[in-house]
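Notes to accompany the following structure.
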Amino acid sequence: MSDHPVLNYISAGAWSLVQPLLSNRAKDLLITLIDFMENDVLPAEKLFHAQIPTHPPEARWASVPPILEELTLRAKGRGLWNLWLSGGDFQGMAGGQGGGLSNLEYAVMAEIMGHSAILAPQATNCSAPDTGNMEVLARYGTPEQKEKYLVPLLKGDIRSSFAMTEYGVASSDATNIRNTTALPSSNPDKLVVKGHKWWITGAGDPRNAIHIVLAMTDPQNPSPHKRHSLVLVDPRSKGVKIVRPLTVFGYDDAPEGHCEVVYDGVEVDVDSGVVGGLAGLGKGFEIIQARLGPGRLHHCMRTIGIASRALEILLQRVSDPNRKTFGKYLRAHGTVIADIAHCRAEIDAARLLVLAAARRIDVVGAKGAMQDIGIAKFTVPSMALKVIDRAMQVHGAEGVSQDTPLAYYYASLRTLRYADGPDEVHIQQIGKNELKRVEKLDQRFERIKKEGDRLLEANGKAKAKL
Ligand SMILES: Cc1cc2nc3c(=O)[nH]c(=O)nc-3n(C[C@H](O)[C@H](O)[C@H](O)COP(=O)(O)OP(=O)(O)OC[C@H]3O[C@@H](n4cnc5c(N)ncnc54)[C@H](O)[C@@H]3O)c2cc1C
């Protein structure tokens with residue numbers, strides 16, 4: 001066990017906790033994944049970036065770097081495919097297209113993939129937003145919708161977007177979403193979709209073949225949670241306009257992108273255009289809640305991997321003999337040593353939160369694990385940002401440049417403090433849940449106090465200080 005290759009990625013302590021819970025198949029896949037990362041994915045990162053054209057700007061969105069397609073074929077050939085598709089929830093759904101791991105097993109693998117978050121999740125068909133979208137279609141789609149969209153997504157033949165956030169609307173409170181509608185038209189067989197969204201990840205991707213759009217279908221419904229549905233829009237339909245890719249601290253994430261999108265009178269079929277068919281009308285909220293549970297945790301799993309990679313980069317830099325300051329290696333300065341220790345401790349602590357949440361999903365399902373997922377959701381990205389910040393600091397000015405991956409890591413992880421809901425919303429929910437314990441706490445401590453008073457009296461003592 002002491003020389004298991006997984007120990008290059010996760011701590012011995014965490015491994016000793018999870019290892020007994022891993023199936024033999026998962027253990028074999030883990031070895032295969034590590035080999036794939038070390039020999040295929042990590043060496044291919046520079047080529048991936050080099051294969052994204054810089055000029056003309058529109059060329060950035062016109063093709064997928066060939067190395068990614070190659071890696072995808074290799075991953076599929078080695079069974080590293082749809083690893084996110086947990087056995088518990090989706091038993092049998094993949095139909096030979098991978099999957100079948102527990103969430104805990106996947107947590108270890110997703111962390112390892114996080115060491116190359118830009119390539120490994122895509123190469124293995126484990127990347128957002130496709131995973132969440134596949135989950136929606138698997139759980140709520142009609143048989144026809146599964147055939148048309150889920151099957152090609154599972155095969156990796158197409159990609160998808162999830163379009164919720166509205167331009168000009170505070171979308172972290174999804175009940176605010178009101179400017180996107182899917183309403184009956186003069187043609188009784190059609191709904192007409194109108195709306196203006198932004199930050200729609202994947203909408204720039206030439207492989208994108210479906211947008212799942214949160215739209216109002218019943219504006220007058222007295223319940224704000226029953227006014228919306230998820231509408232399926234083919235991005236090649238008349239009326240869909242990809243306005244522009246947005247940038248994150250200057251990065252455009254081509255060829256996937258995060259785009260501003262206008263739906264200007266797009267027609268969808270009444271029967272088949274809403275996730276779940278006619279029965280899915282008004283179920284938008286219910287479905288997005290279900291979608292976001294495991295997906296949020298997947299981000300956290302990968303984020304631990306990104307933080308670990310940043311620490312590795314830090315360790316190498318501070319040990320570089322060409323970079324001595326004040327007569328010493330950077331690694332010999334006390335503040336640097338302390339930074340390293342903090343990085344190690346924070347990554348290892350955060351990993352345990354993520355593993356515990358994953359295990360909880362396996363045991364009680366995503367709904368029952370919401371508290372654990374929420375805690376990971378708002379703590380893990382901030383932890384990783386601190387680690388990356390320390391890694392940037394030891395690099396001096398180079399740390400914020402394009403010559404290391406650190407600036408990109410920082411930019412992309414900073415967005416996780418908004419994406420899938422801002423930190424404050426999760427913090428508020430966790431705090432509220434914690435307060436729900438007060439009644440039971442009162443009862444428990446009342447009982448303990450009574451017993452304490454009885455003991456005092458029995459021993460002839462009137463009062464005592466604690
Ligand atoms: C890189 C990236 C990719 C994204 N991809 C997608 C995507 O694919 N699809 C999609 O639909 N959206 C996507 N988003 C959008 C993301 O989901 C939203 O940004 C997020 O939900 C917040 O909504 P908002 O930007 O409208 O912020 P607002 O709702 O305007 O909130 C602004 C701020 O208000 C504060 N706030 C909100 N609620 C509370 C509260 N209860 N207490 C205290 N403060 C509060 C928070 O600080 C919050 O950041 C993406 C965003 C980024 C950056």
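Since every read-out is calculated from the coordinates, none of them should be taken as a lab result. Just so it is clear, the structure is predicted and the values come from calculations on it, not from any experiment. Using ideal geometry, Cβ is built from the backbone for each residue, glycine included, and neighbour counts are taken over all protein chains shown.
Of the residues 263, 140, 329, the one with the fewest other Cβ atoms within 10 Å heads the list, and the complete ranking is 329, 140, 263. Here the spin labels are modelled as points 7 Å beyond Cα on the Cα-Cβ line, and at residue 186 and residue 262 they lie 2.2 nm apart.
Basic side chains Lys and Arg get +1 at the Cβ, acidic Asp and Glu get -1 at the Cβ, and with that the dipole of the chain about its Cα centre reaches some 1400 debye.
Sum -39500 (n - 2.57) across every DSSP H segment of at least 4 residues in the chain, then divide by the residue count to get the 222 nm mean residue ellipticity, nearest 500. After summing the helix terms and dividing by the residues of the chain, the value is -15000 deg cm²/dmol. Take every Cα pair under 8 Å whose residues are at least 6 apart in sequence, average their separation, divide by the length of the chain, and the relative contact order is 13 percent.
With the Cα gyration tensor of the chain giving a ≥ b ≥ c as the square roots of its eigenvalues, does the rule (a/c under 1.5 for rounded; else a/b larger than b/c for prolate; else oblate) give rounded, prolate or oblate?
Working: a/c = 1.71, a/b = 1.15, b/c = 1.48.
Oblate, since a/c reaches 1.5 and b/c is not below a/b.
Among 180, 303, the order by Cβ neighbours within 10 angstrom, fewest to most, reads 180, 303.
Provide the percentage of antiparallel DSSP beta bridges, counting only those with both residues in the chain; round to the nearest 5. Of all bridge pairs located within the chain, approximately 80 percent are antiparallel. For region 292-422, the calculated P(r) over all alpha carbon pairs, in 10 Å bins from 0 to the bin holding the longest distance, is 13, 40, 28, 14, 5, 1 percent. Taking only the C-alpha atoms of region 1-76, Rg followed by Dmax gives 17.3, 53 Å.
Each Lys and Arg Cβ is given +1 and each Asp and Glu Cβ -1; about its Cα centre, region 223-339 then shows a dipole of about 640 debye.
Of the residues 109, 426, 400, the one whose Cα sits farthest towards the positive end of the charge dipole of the chain is 426 (charges of +1 on Lys and Arg Cβ, -1 on Asp and Glu Cβ, taken about the Cα centre). Here region 356-416 is treated with +1 on each Lys and Arg Cβ and -1 on each Asp and Glu Cβ, and its dipole about the Cα centre works out to around 320 debye.
Treat the count of other C-beta atoms within 10 Å as a stand-in for reagent exposure and order 339, 348 from fewest to most.
Working: 339 22, 348 15.
Ranked by crowding around the Cβ, least crowded first: 348, 339.
Only one residue of 301, 369, 98 has its Cα farthest out toward the positive end of the dipole of the chain, where Lys and Arg carry +1 and Asp and Glu -1 on Cβ, and that residue is 369.
Label positions at residue 176 and residue 16, each projected 7 Å from the Cα along the C-beta direction, are separated by 4.8 nm.
Remark: the residue 448-residue 415 segment gains 7.3 nm on full extension, using 0.36 nm per residue and subtracting the alpha carbon distance. Along its first, second and third principal axes, ordered by size, region 172-286 spans 42, 29, 21 Å in Cα coordinates.
Express in nm, to one decimal, how much length is gained between residue 428 and residue 335 on full extension, taking 0.36 nm for each residue of separation and deducting their alpha carbon distance.
Numbers: separation 93, 0.36 × 93 = 33.48 nm, distance 3.44 nm.
The span from residue 428 to residue 335 would gain 30.0 nm if fully extended.
Label region 1-140 by shape, choosing from rounded, prolate and oblate, from the square roots a ≥ b ≥ c of the eigenvalues of the Cα gyration tensor; if a/c is under 1.5 it is rounded, and otherwise prolate applies when a/b is larger than b/c, oblate when it is not. Before the final figure, lay out the partial values.
Numbers: a/c = 2.32, a/b = 1.35, b/c = 1.72.
Oblate.
For the residue pairs 76/197; 377/436; 190/241; 367/432, the alpha carbons lie more than 23 Å apart in 76/197.
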